[in-house]
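Single-structure report; data block below.
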Amino acid sequence: MTRVLVFAISSVVRAGLETLISSHTSLTLAGSSSNLTRSTVVSLIDELQPDVTLIDVGRQDEDLVSELLTLIVKSPTPSLILLMNDPHDSRALAALRNGARAVLMREATAEEIIATIEAVATGLVVLHSTTAESLLAGALVSSPAPDAGSQYEALTPREIEVLGMLAEGLGNRAIAGRLMISEHTVKFHVASILSKLNASSRTEAVILGIRQGLLLI
């Protein structure tokens, strides 16, 4: 059973999400809250240890969204889904670059929400085609091709293996399970990959890996 934690300020939205999750046989409601302050979100995630955290951002101001983005980076659970009015705006793209597994429109259907929860619970990233294009375009713009004389430090075979799994959209937990190593070791490999490729994000590392022929597309 996939345990889902729900956050939504609107009581109507929260009740709808609770009912949707509770009615699905493969999901169980770990808890829910209308409080979107960073301290409450972090506290409940730490206490309940959900497999997936679903947050309805709604029409909240940018300060709140920025706090949620900070939460994504430090959260013990990377399987986080945001419901937003516009899943293609700069805040949504920032959320994905910082570790969110999916950003859906608030008008998403019940089937879309369930399918997304099940996908991110397995370590996958769910992207709308236009969102994926924006992420790739952003990575290419921020990572101009290196000069002929510049060199990146070579990745180890294990790091190339991890980079390939990053390209699949796998999170640290899923990579650790596949390689039968600890999440701490995975984090070490990811940090080393970013440093050696001079990449600021996983997405940028994947783009650079493709450019260098480390990954096949």
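The values are calculated or read from the model by the stated rules, or taken from the named source; none is laboratory data. Since this is a predicted model, take the numbers as computed values, not measurements. All Cβ positions, even for glycine, are placed from backbone atoms using ideal geometry, and neighbour counts span all protein chains on display.
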| Failed condition for residue 3, given (1) in contact with a helix residue (DSSP H, G or I) (Cβ under 7 Å, 6 or more places away or on another chain); (2) within 20 Å of residue 125 (Cβ to Cβ) | (1)
| query | Here are 167, 110: which of them is modelled with pLDDT of 90 or more, surrounded by 13 or more Cβ atoms within 10 Å (Cβ to Cβ) and touching a helix residue (DSSP H, G or I) at 6+ places or on another chain (Cβ under 8 Å)? | reply | 110
| said: What's the number of the only condition in (1) under 13 Å from the mean Cα position of the chain (by Cα); (2) surrounded by fewer than 19 Cβ atoms within 10 Å (Cβ to Cβ); (3) at pLDDT 65 or above that residue 63 fails to meet? | reply: (1)
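Residues checked against (1) surrounded by fewer than 13 Cβ atoms within 10 Å (Cβ to Cβ); (2) in contact with an Asp or Glu (Cβ under 8 Å, 6 or more places away or on another chain); (3) assigned to a helix (DSSP H, G or I); (4) of a type in the set (Ser, Thr, Tyr):
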position	(1), (2), (3), (4)
35	yes, no, no, no
39	yes, no, yes, yes
43	no, no, yes, yes
47	yes, no, yes, no
50	no, no, no, no
| note | Residues in the range 168-185 that are not in a helix (DSSP H, G or I) and not hydroxyl-bearing (Ser, Thr, Tyr) total 6
| query | Just for the range 74-86: of the residues that are in contact with a Lys or Arg (Cβ under 9 Å, 6 or more places away or on another chain) and part of a loop (DSSP other than H, G, I, E, B), which one is modelled with the highest pLDDT? | reply | 79
